[in-house]
Amino acid sequence: MSEKACHSYGPKSTKRKIRIEAQLEQVTQERDQVVKEVKELKGQLDLQCAQQEEELARIRADMEVQNAEIQAKIQAEMQAKILTWIQQNVRNYFILLSNG
């Protein structure tokens, strides 16, 4: 057996293997913790997105109601102006007829 082969199975190699296994375990735990944190953050983000979508839906609904109210008010004002204009012109027409 070569000298290198003997060293690869000696006490130094066992300590190195134990150290590597400990590092691997630590890295695995750290990775698991990071994965857990990422899942938690994703859950929070999904919740925030859902809340924002609900808020946008409420805002859109409110805006549609406000728009309908404004349109109804504009239409009522226009109808009132048209009616006033018609009344004035009819009155003027009858005045012209009576004078004429």
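Roughly how many percent of the accessible protein surface of the chain is carbon and sulfur, given a 1.4 Å probe and a whole-percent answer? Don't skip to the answer; put the middle values down first.
Numbers: 5740 of 9680 Å².
Carbon-and-sulfur percentage of accessible area, whole number: 59.
Cross-link candidates for LYS12: which lysines have Cα within less than 21 Å, leaving aside residues fewer than 8 places away along the same chain?
Answer for LYS12, where 21 Å is the Cα cut-off: LYS4, listed by chain and number.
In nm, what is the difference between 0.36 nm times the number of residues separating GLN48 and ILE95 and their Cα-Cα distance?
Numbers: separation 47, 0.36 × 47 = 16.92 nm, distance 6.94 nm.
Additional length available on full extension: 10.0 nm.
Would you calculate the separation in nanometres between label points at LEU83 and LYS17, each defined as 7 Å from the Cα along the Cα-to-beta-carbon direction?
Taking the two extended label points, one gets 9.9 nm.
Please name which of ILE74, MET63, VAL90 has its Cα lying farthest along the dipole of the chain towards the positive end, using unit charges on Cβ (Lys, Arg +1; Asp, Glu -1) and the Cα centre as origin.
Looking along the dipole axis, the top candidate is MET63.
Translational diffusion coefficient, Stokes-Einstein: compute it for the chain using the Kirkwood radius over C-alpha pairs as Rh, at 37 °C and 0.692 mPa s, and state it as an integer in µm² s⁻¹.
Working: Rh = 22.4 Å.
D = 146 µm²/s.
The values are calculated or read from the model by the stated rules, or taken from the named source; none is laboratory data. On a predicted model such as this, the values are computed, not experimentally measured, just so you know. Neighbour counts are summed over all protein chains in view; Cβ atoms, including those assigned to glycine, are modelled from backbone coordinates with ideal geometry. SASA here: full protein model, heavy atoms, side chains in, ligands and nucleic acids out. Shrake-Rupley method; radii C 1.70, N 1.55, O 1.52, S 1.80 Å.
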